[in-house]
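Accompanying notes for the structure given below.
The values are calculated or read from the model by the stated rules, or taken from the named source; none is laboratory data. Everything numeric in this text was worked out from a predicted model, so none of it was measured. A quick note on method: Cβ atoms are made from the backbone with ideal geometry, for glycine too, and the neighbour counts reach across all protein chains shown. Note: areas computed on protein heavy atoms with side chains; ligands, DNA, RNA excluded. Shrake-Rupley method; radii C 1.70, N 1.55, O 1.52, S 1.80 Å.
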Amino acid sequence: MVEEGTDHTPTDAAPRPQAEGSATARPADGAGSPGDGSGSGGAEDAKIAAAIAAAEAAAPANGESVRIDSWIWSVRLVKTRSLGAAACKGGHVRVNGERVKPSHSVRVGDEVRVRQENRERIVVVKRLIRKRVGAPVAAQCFIDNSPPPPPREAVAPAGIRDRGAGRPTKRDRRELERLRGLRAMGGPGGPFAGPGPAGGGRGRAGGR
């Protein structure tokens, strides 16, 4: 006979171990399950996937070709399409080592070289697109093999005045000539010789 108020649970029963992988198991703080998109890696993958999707949306229809002047503008190698056409006409754009016209059809795998003022961009076509896209999307359309740009100090043009500085004074012009290496050409008899006795000019008193 069992007395009233007594506990019927056996006192010697050991706690049941939790099975591995059960739904109640909680991961450690800060740890995300693989493939759940959490963390910086998942966010970066999501950005790349979105950029690829945008590039595919800008791709031409089946069977349509893409002009080289349009492609280098679309992937942001030049600022405007007219500049891309002008670069092709000026011989500054090469596809697989040969100069091309603006209407040249570009294909996946082509090596495109665009010579700009201070550097040359060398890219391999990865995707064909027909409209201009943002920089993250453009980066998914080619493989960039360009050399690093030169230091800014090495390409700073000499004698360039700030916008709004007005017309240069005589002193400014002398300084510009010195920077451009023209002072030696401006001596007596030189092509840049100014008026005066050495240059054969007349003063105001020597007029007719």
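Summary of values
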| item | result |
| --- | --- |
| Inter-residue pairs, beta-carbon under 6 Å, first in contact (Cβ under 8 Å) with a residue 24 or more places away in the chain and in region 99-125, second open to solvent by less than 60 Å² (accessible area, probe 1.4 Å) and of a type in the set (S, T, N, Q), 6+ apart | Arg121/Ser146; Ile122/Ser146 |
| Residues being open to solvent by less than 10 Å² (accessible area, probe 1.4 Å) and closer than 18 Å to Asp144 by Cβ - total across region 78-94 | 2 |
| Residue pairs meeting the criteria (Cβ under 7 Å; at least 6 apart or on separate chains; first of a type in the set (Gly, Ala, Ser), in region 64-91; second open to solvent by less than 20 Å² (accessible area, probe 1.4 Å) and assigned to a helix (DSSP H, G or I)) | Gly84/Asp69; Gly84/Ile72; Ala85/Asp69 |
| In region 59-79, the residues that are over 15 Å from Phe142 (Cα atoms) and modelled with pLDDT under 95 | Pro60, Ala61, Asn62, Gly63, Glu64, Ser65, Lys79 |
| Filtered residues of region 114-129 (kept if in contact with a strand residue (DSSP E or B) (Cβ under 8 Å, 6 or more places away or on another chain) and under 16 Å from Leu83 (Cβ atoms)) | Val114, Arg115, Glu120, Arg121 |
